[in-house]
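Undergrad: What follows is a structure written as C-alpha cells; I'll ask about it next.
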Amino acid sequence: MFENLNEKLERSFQLLKGQGRITEINIAETLKEVRRALLDADVNFKIAKSFTEKVKEKALGQDVLSAVKPGEMMVKIVHDELAELMGGQSVDINLSGNPTVILIAGLQGSGKTTFSGKLSNLIKNKRGKHPLLVAGDVYRPAAIDQLKVLGEQINVPVYTEEGNKEPVKIAQAAIKQAKANGNDVVIIDTAGRLAVDEEMMKEISAVKKAVSPHEILFVVDSMTGQDAVNTAKEFNDRLDFDGVVLTKLDGDTRGGAALSIRSVVNKPIKYVGTGEKMEALDVFHPSRMADRILGMGDIVSLVEKAQEQFDAEEARKLQKKLVKNQFNFNDFLKQIQQIKKMGNIKDLAAMIPGMGKALKNVDIEDDAFKHIEAIIHSMTPDERNDPSLLNGSRRKRIANGSGTDIQEVNRLIKQFAETRKMMKMVSQGKNMGRMMGNLR
Ligand code: GDP
C-alpha cells in the first residue's frame, strides 16, 4: 500500500542529494514535489498546503546535523509532520463501562460487520474481555447470517432477533442479555446504506440516544479516497463519533484518507483493517503509519540515533585535530565508542534504504571492533597520544596484553597511520565538502 506516495516522496527527497545544507532555495523544489505527491495520494489540497508550509518552517529552522544528509533530515521532518497530521499519539477505545457499549457506524460495504468481528476477537484475546456481538442490520438477512458465521469462527456469542425490524429494541434487549450473561462489552453492528441518507442517520441516532454508547466507531473504506473524508464529515456532524476505523488498507489504496480524515473531522483513527481475516486488524499508531507511508528503510530512527549521539562540540574538536595531524588513538577509540553507541553495525546498516536487503546474507561480526578496542586499551596513555612511540618491543607487549598477535597490532597501527594521513588530506583539501559528501 501507499506505493505511489512512497515513490513520489522518495523522488522528492532525491532532489536534495548532494546538497550540503537545507536552504529556502534548495528545498523549494522538494516541497513542491511533496505537495504534489500528497495531492496525488488524494490528500485534501488545503491539508497538503498547510502540511508543506509546516515542513518548510521546520526545515529552515533546523541545524542540519553533520552526521546526516539534508535529504535524510527532510525525511525525518516530513515523517514527524505526517505523524502529527494523523494525530501524533495512538488513542485507545474506552472500555470502562459495565458493560461497555460500542456502536459501529458506516456505509454499506465499508467493512462494519467484518470489523465488529475483528474487534470482538481482539478485545477477547488481547484485553481479556467477554464480548457480545449484536446484529443490528435489520434490513439484510445476509448481514445477520454473516455476523453469526463470524461469531462462530471466533467463538463470540451473537445476539439476533429474526424478524424484529426495530434496531433500538434489539440493542436494548442485547444489553440486557449481556448483563445477565456476564458479557462486559456489547458491540452493535448497524445497518449501512450505499450513500449517506436521512433515514439511516435517524435510525442510528435513535440507537445512540437509547443506549448511550461508551464508544461510537465510524468505519470507512480507505479505498474511497476523498469520498471517505466527506462521508466521515457527514457521520461526524450527526453522530459526533469517538473514533475512525480505516478498512482495506491492504488494498491498492492511495492512502490520502488516512492523512486527511484526522484533520478534517478532528477525531482519532483508532484501528486499521488490513485484510479479510479476523486477525487482520491493527491498532492505529500515527508514527508507524508515517513510517509505512515513507517506507524508506528506517531512516527516521537512523536520524534520531544520530541526533542523540552526535556531539557537535566533539566533532569540532576532532576537526581541529585532524587539520593539525593530532588525531590519536584516544580519538580513534572515542569514534569507535560513538559508533557502537549507535547500535549494532548490521542493524545500523539495515536502516539505510536498500542496505537491509543487501546485507541479509552477509555476515557482519556483531562486535567488529572488539580486537581494535582491546589493542588500544593495552596501550599506555602516552602511546595513545603519540603513536610514533610504538616501537617493536612496545608492539609485542600490546599484542600480549590484548590477547591478539603482533601482526594484528601492526596492521591496526598501519591502518591508523593511513587513515590519519587521508583524513588530514581531506580536512585540508579545498573540496572537503564534496569529498565528505561522497563518504557519507
Ligand atoms: P459492511 O456492509 O459494512 O458490514 O461490510 P462487510 O463487513 O460486509 O465488508 C464488505 C467487504 O469488504 C467484505 O467482502 C469484507 O470481506 C471486505 N473487507 C472488510 N474489511 C476488509 C479489510 O480490511 N481488507 C480487505 N481486503 N477486505 C475487507
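Undergrad: Based on the Kirkwood radius over alpha-carbon pairs, what is the Stokes-Einstein translational diffusion coefficient of region 100-284 at 20 °C with 1.002 mPa s viscosity, in µm²/s?
TA: Roughly 133 µm²/s, to the nearest whole number.
Undergrad: Tell me the label-point distance for the pair His130, Glu373, using the 7 Å Cα-to-Cβ offset, in nm and rounded to one decimal.
TA: Once both label points are built, they end up 5.4 nm from each other.
Undergrad: Which links in Lys129/Lys209; Lys32/Lys267; Lys58/Lys270; Lys129/Lys270; Lys32/Lys248 stretch past 22 Å when you go from one Cα to the other?
TA: The pairs that break the limit, which is 22 Å between Cα atoms, are Lys129/Lys209; Lys32/Lys267; Lys58/Lys270; Lys32/Lys248.
Undergrad: What distance in nm separates the simple spin-label points at Arg140 and Lys334, each placed 7 Å from Cα in the Cβ direction?
TA: Between Arg140 and Lys334, the simple spin-label model gives 6.8 nm.
Undergrad: How far apart, in nm, are the 7 Å Cα→Cβ label points at Gln407 and Leu60?
TA: Roughly 6.0 nm, to one decimal.
Undergrad: Same structure again: Among 193-203, 37-47, 152-162, how do they line up by average Cβ neighbours within 10 Å per residue, starting with the highest?
TA: 37-47, 152-162, 193-203
Undergrad: Given the peptides 274-284, 73-83, 135-145, arrange them by the average over their residues of other C-beta atoms within 10 Å, most packed first.
TA: Highest to lowest by the protection proxy: 73-83, 135-145, 274-284.
Undergrad: Please rank Leu132, Leu9, fewest neighbouring Cβ atoms within 10 Å first, as an exposure proxy.
TA: Leu132, Leu9
Undergrad: While we're here: Under the Kirkwood approximation applied to all pairs of distinct alpha-carbon atoms, what is the hydrodynamic radius of region 61-187 in Å?
TA: Mean inverse Cα-Cα distance, inverted, gives 17.2 Å.
Undergrad: Still on this model: Note the full-extension length gain between Leu389 and Ala417 as 0.36 nm times their separation in residues minus their Cα-Cα distance, in nm to one decimal.
TA: 8.8 nm
Undergrad: Show log10 I(q)/I(0) for region 187-255 at q = 0.15, 0.24, 0.28 Å⁻¹, two decimals, from a solvent-free Debye sum over equal Cα scatterers.
TA: One equal scatterer on each Cα of region 187-255 leads to -0.50, -1.16, -1.43.
Undergrad: Work through the residues other than Asn266 whose Cβ is under 15 Å from its Cβ and net out their charges, Lys, Arg +1 and Asp, Glu -1.
TA: With Lys, Arg at +1 and Asp, Glu at -1, the neighbours total 0.
Bear in mind that the values in this text are calculations on the coordinates, not laboratory data. Predicted model, so just to flag it, every value in this text is computed and none were measured. Counting neighbours? That spans all protein chains shown, and the Cβs are built from the backbone with ideal geometry, glycine included.
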